[in-house]
Each structure stands twice: as structure tokens, then as C-alpha cells.
Amino acid sequence: MNGNIKQNLRILIQEWQVRTLPVIKPREIDLGSWFENGVIHKTVSVVGFRRTGKTFLLLDFARKLGKENCLYINLEDERLPRQSAVLTQLVDVIKEFYGGKKLFLLLDEIQEISDWSRWVRRVNETGLYNLIISGSSSKLSSAEIPTELRGRTITKTVFPLSFSEFKQWKNPDDDLLLLREYLLFGGFPEIVLTDEGKKSILLDEYFQTFLLRDVFERFHLKQQQAMRDLIRLVLSSTYYTFGKLTQSLKTAGYEIGKGTVAKYLSLLTSSYFLNQLEIHAAKVKSRIQHPKKPYFVDSFFVSRLAGNFSPNLGRLMEETVASYYFRNKVINPNLDFYYWKDEKGKEVDFVLMENLKVKKLVQVSYVSSLTDINERELIALEKAGEELDCRNLELITWDLTGEIRRRNKKIVCHPLKDFLLSHG
């Protein structure tokens, strides 16, 4: 068995050595910024949902540093078994090709190999190689990294393109037309660059691959159709509770408990597909018990799979703003955000907090004029501002700019495109 593993590793290294690296379109993420003089004493972990561009970031790093100084291995390659022997034998095979040269090892989807974290720690401690590992599982992230790697890794999360990246890649003249495309079709790099008629085909393939590899195979799920229908339910919901989702699945004929539904949602979160927002409340118990608001890795999943017969641009705008805040939370760990809702159902989309203090209240609405604004949204902002002692009130609109003065309160209207471009 070891002989076969070694031979396949040799083939992969030979393929790498003759491979022509693509020129990558620029991203705001730069792996090279973590390295000083080409040396770092921690493993860099690149994580995120499938097809967000993790592999291309690794290849771009190799192109800039010099391919002769790097070795890229995709550990999902069908020629490699999912066994720890692959990593053990890899070091021996590298020495056959590179001798004692200190390389950057770029190991893609490393979580597919058993005991990967112990191997990473050992190699990191020997100082033989600089490691950049990547994967589509949160097991590689700083939040869930195995105990043996705590304090030994730096995590870089890769998201779909931000709107500023999207605009740089596309560069048309009409910003609103561009924004509509971004909301409807999202920011997956490959989808951004393909013809509109093929975008849905690609997203469907992404979704099926995600379900198969990152959910069904990785977690050995037996109730696969229940998971598919659970995803459909969450995609079509603006709020959810474990109890209501469980009841909906039981009504559909599934024998499933609330604990299983909670576990399935946790799996979707750990695979970077789903994010959830809790209500703003002083007590943790209240935040746990209230309904959660679901947001997804890319707005295209909502516009494609939520089951609406026409696009809900208001919801897609809210999804896009949430994506910005989730992205920013990775950069700024002092940032927290919630939604606000009172006992009468008045709601504010986002309560932004920094260092446990409320900094801003944000409402998102698909409006282009003052007459389009729902009075209920303004009343909710006012009431939440009074309750949370916050005077920084913002309404993110489609293309309305200006200020609304109400009872000594100022609500700033900020067009979505300007918000996204000014915030990154």
C-alpha cells in the first residue's frame, strides 16, 4: 500500500513541476502579507466554502513566490487514499525531488486525511517546511482547530467576491445594473466570469458537490432527503426555530427530532454554507430561545433555490449587507451584530456592536424615493434607537441618498452600492 501511495505522490509532484500556473485576477486577500522574508513560524490555514477561490489563492501565492519554492498537492485527488500514511509518505517523496530544500507546502482539502492535525503540528515543529493548508471545513478554522494546533495557526477565511472585487473584475459603466447582477448571481469567481445562461447550471453543480462531499460523505448522513428539504425550508425562511423546522419536516412525513434538526443546521454552519443571526437581548437564554435569522454564503443560493417565482431584491439586499458584516467580523473580532425586534413585531435588521457597545442601527430597504419607504421601518429604527440609546441610525436603500429628520432624530439614507464600495 505504501508503495502505491508513494508512486502516486511522485506522479502528483511531477505534474506540479510541469504545470503552468494561471494568472489570477486580483483579490483583496493576500496570503503573502503573513510572511516576512519568506518565513513564518505558524501554519496558515485558508478556509471557506467550496469554489470561493481558495485553490487559486494558493496557486497565485506559488506564482508570486516562484513555483520552484512551492509544492501544491490536492488531497482530494482520487489517486490518494484518505489515510494518514499519505502525509507520512509525502515527506519522504518530497526529499526525493527537492532534497533538503525548505519549501512552502500548499496542501488543499487537508481535512480529508485522518490525523492531519497531528502531522501538521509535527512538521511545523521540525521547521522543515512552511505550511499553508486549506479546506472547506471549519475544522481548520481558529474557532474549531484541534487542540494540538491551538496557538500554532493563523486562519484566513475566503468569501465570494465582495462588490468592490466584483466591480473590478467586471468594470461596466452602469453601477446599478452591475449591482443587480451581483445581487441575483452572487460573487462566486467562476460564476462571475461565465455567461448568464450557464450561471444557474454552475450553481446547481456547486450545491450538489457541497451536499455530497461536505455534508453527506463527511458526516455520513443517513437522512439525506431530510437534509435537502431542511435546506429548502431554511432558504425560504426569514426566521427559523428548531421546533418549527422539525414540525414542518414531520408534517412532510419525516421521522426526525429537534436534536437532529439542530445538528443538521450545525453541519451547514461548519461547512460555511449557513450563518445565523440572533436577536439582540441582554440574556443569553433569550438569544437562544428566540428565532434565528438565516443568511447564506452567497446571495445566488437564495435567488436560485429559495423557491420564489420572482426575485425578492429587498431580501437579496439584506443578504448582501449581512455578508459584508460577517466578512468584517472575521477581520474585526470586536464586532458583533444582531437583529432587534420588540413584542409588537417592529424590527431593525442589524444592531452593530463593538466592544459590547451599540454603535449603529441599520435598516435595509429596496426603495428609491422617500414615498417608497414603509413608515413601519422608520418607526422601528426610532424605537430601537431610544431603547438601545443609539443615535446613529442608517437606512440602506437601492439608490436613495439623503437624511430624514424625525422628532430630533436623523436617519441617514445610504445607497447600497455606495455602502458596499466604501466599506469593501
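The values are calculated or read from the model by the stated rules, or taken from the named source; none is laboratory data. Since we're looking at a predicted model, the values are computed, not measured. Heads up, the Cβs are rebuilt from the backbone with ideal geometry, glycines too, and the neighbour counts pull from every protein chain shown. Note: accessible area is taken over every heavy atom of the protein model, side chains too, but ligands, DNA and RNA are not part of it. Shrake-Rupley method; radii C 1.70, N 1.55, O 1.52, S 1.80 Å.
Just how large is the dipole of the chain about the Cα centre, in debye to the nearest 20, putting +1 at every Lys and Arg Cβ and -1 at every Asp and Glu Cβ?
1060 debye
Using only alpha carbon pairs under 8 Å that are at least six residues apart, calculate the relative contact order of the chain and give it in whole percent.
Once divided by the residue count of the chain, the mean separation gives 12 percent.
Between the range 106-150 and the range 188-218, what's the alpha-carbon centroid distance in Å?
Between the Cα centres of the range 106-150 and the range 188-218 lies a distance of 26 Å.
For residue 409 and residue 17, calculate 0.36 nm times their separation in residues minus their Cα-Cα distance, and state this gained length in nm to one decimal.
134.7 nm
Can you give the net charge of the other residues whose Cβ lies under 13 Å from the Cβ of residue 328, counting K and R as +1 and D and E as -1?
The answer is +1.
Would you please give the FRET efficiency between residue 220 and residue 114, computed as 1/(1 + (r/R0)^6) with r the Cβ-Cβ distance and R0 = 22 Å, to the nearest 0.05?
So, using R0 = 22 Å, E works out to roughly 0.95.
Could you run the Karplus curve 6.51 cos²θ - 1.76 cosθ + 1.60 with θ = phi - 60° over the range 85-91 and give me ³J(HN,Hα) per residue in whole Hz, x for Gly and Pro?
Ordered by residue, 3J(HN,Hα) equals 4, 4, 6, 4, 6, 4, 4 Hz.
Once the piece of chain linking residue 232 and residue 84 is laid out straight, how much longer is it, given 0.36 nm per residue of separation minus the C-alpha distance between them?
49.6 nm
Would you mind putting 357-363, 383-389 in packing order, based on average other-beta-carbon counts within 10 Å, highest first?
The peptides rank, most packed first, as 357-363, 383-389.
Could you state the accessible area per residue of the chain in Å², with a 1.4 Å probe and every protein chain left in place?
47 Å²
With the contact rule set at Cα under 8 Å and sequence spacing of 6 or more, what percent relative contact order holds for the range 1-156?
Relative CO of the range 1-156 lands at 33 percent.
Within a Cβ distance under 15 Å of residue 66, other residues only, what is the Lys/Arg minus Asp/Glu net charge?
+4
Have a look at the DSSP beta bridges in the chain and tell me what percent are antiparallel, nearest 5.
Percentage antiparallel, nearest 5: 45.
Which listed residue (248, 171, 33) has the Cα farthest towards the positive end of the charge dipole for the chain, taking +1 on Lys and Arg C-beta and -1 on Asp and Glu C-beta about the Cα centre?
248
What dipole magnitude, in Debye to the nearest 20, does the range 355-422 give about its Cα centre under +1 on Lys/Arg Cβ and -1 on Asp/Glu Cβ?
280 debye
Hey, what angle do you get for helix 258-270 against the long axis of the chain, alpha-carbon based, 0 to 90 degrees rounded to 10?
70 degrees
What nm value, rounded to one decimal, do you get for the distance between residue 122 and residue 97 when each label is placed 7 Å out toward the C-beta?
Once both label points are built, they end up 2.1 nm from each other.
Suppose each label sits 7 Å from its Cα in the direction of the beta carbon; what would the residue 30-residue 386 distance come out to in nanometres?
Simple spin-label model gives 4.9 nm for this pair.
Answer with a single label: of (i) 19.7; (ii) 18.6; (iii) 23.0, which was calculated as mean projected area of the Cα convex hull in nm² from the structure in view?
(iii)
Calculated from DSSP H runs of 4 or more alone, at -39500 (n - 2.57) each and per residue, what is the 222 nm mean residue ellipticity of the chain, nearest 500?
-13000 deg cm²/dmol
Subtracting the Cα-Cα distance from 0.36 nm times the residue separation, let me have the gained length for residue 154 to residue 198 in nm, one decimal.
Between residue 154 and residue 198, full extension yields 12.2 nm more.
Measure off, as a whole percent, the carbon and sulfur share of the 1.4 Å-probe accessible area of the range 314-420, all protein chains present.
46 percent
Highest mean first, how do 304-316, 255-267 rank when packing is the count of other Cβ atoms within 10 Å averaged over residues?
The peptides rank, most packed first, as 255-267, 304-316.
Under unit Cβ charges (Lys, Arg +1; Asp, Glu -1), what dipole magnitude, rounded to 20 debye, does the range 195-242 have relative to its Cα centre?
My answer is approximately 200 debye.
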